[in-house]
Amino acid sequence: MATTAAFSDTTIKDVPTRLTSTIPRATALVGVFAAAATTVGAVVLRAAGVPLAVHGEIPLAGFAQVTVIGAVIGGVLLAMLNRHSSAPHRRFIQVAVGLTAFSCVAPVAFADTIASKVALVALHVLAAAIIVPVLARRAN
């Protein structure tokens, strides 16, 4: 939100910085879009008979929630790298790829069936394929 202060003949306007306006907005939008995509993917996979289960069936809302959390983590990471890194774009891509690979470990290790493992890893990659490029464009 912009604030304005007037002093005699001079007006000073406090314009939101790129860090406070663009990254949070992009994070929220891409998080909602990726959450919808992964939830639709989960619905399609279940309709095709793929059991999306890790020690019990995963609720559909869980796909959306975890995807939004992943987007928020990405947005916070990007904001920190923009502030503290000399090469935020490259570092963001490196860390995002590493975190995506790490996030695939749990489904591979704990999913109930091979089909579940493959499907859950595919949904993790789908979410990352949506979130990472959008946030990476905000690296400066």
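Read-outs: derived from the displayed coordinates by stated rules, not from any lab. A quick note: this is a predicted structure, and the numbers were derived from the prediction, not measured. Virtual Cβ from ideal backbone geometry, glycine too; neighbours counted across all protein chains shown.
Given Cβ point charges of +1 (Lys, Arg) and -1 (Asp, Glu) and nothing else, what value in debye, to the nearest 20, does the dipole of the chain about its Cα centre take? Numbers along the way, then the final one.
On the way: 10 positive and 4 negative charges, 76 e Å.
Dipole about the Cα centre, nearest 20: 360 debye.
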What is the angle, in °, between the Cα long axis of helix 60-84 and the longest principal axis of the Cα atoms in the chain? Nearest 10 is fine, range 0 to 90. 40
Hull shadow area, averaged, the chain [alpha-carbon convex hull, nm²]: 10.0
Kindly express, to the nearest 10 degrees and within the range 0 to 90, the angle between helix 88-103's C-alpha long axis and the longest C-alpha principal axis of the chain. 20
Residue-ordered couplings for the stretch 120-136, obtained by feeding phi - 60° into the Karplus form 6.51 cos²θ - 1.76 cosθ + 1.60 and rounding to whole Hz (Gly and Pro as x), are 5, 5, 4, 5, 5, 5, 4, 4, 5, 5, 8, 6, 4, x, 5, 6, 4
May I ask which residue of Leu120, Ala61, Val30 lies farthest towards the positive end of the charge dipole of the chain, with charges of +1 (Lys, Arg) and -1 (Asp, Glu) on Cβ and the Cα centre as origin? Val30
MRE, 222 nm, helices only [DSSP H, n ≥ 4, -39500 (n - 2.57), over the chain, to nearest 500]: -24500 deg cm²/dmol
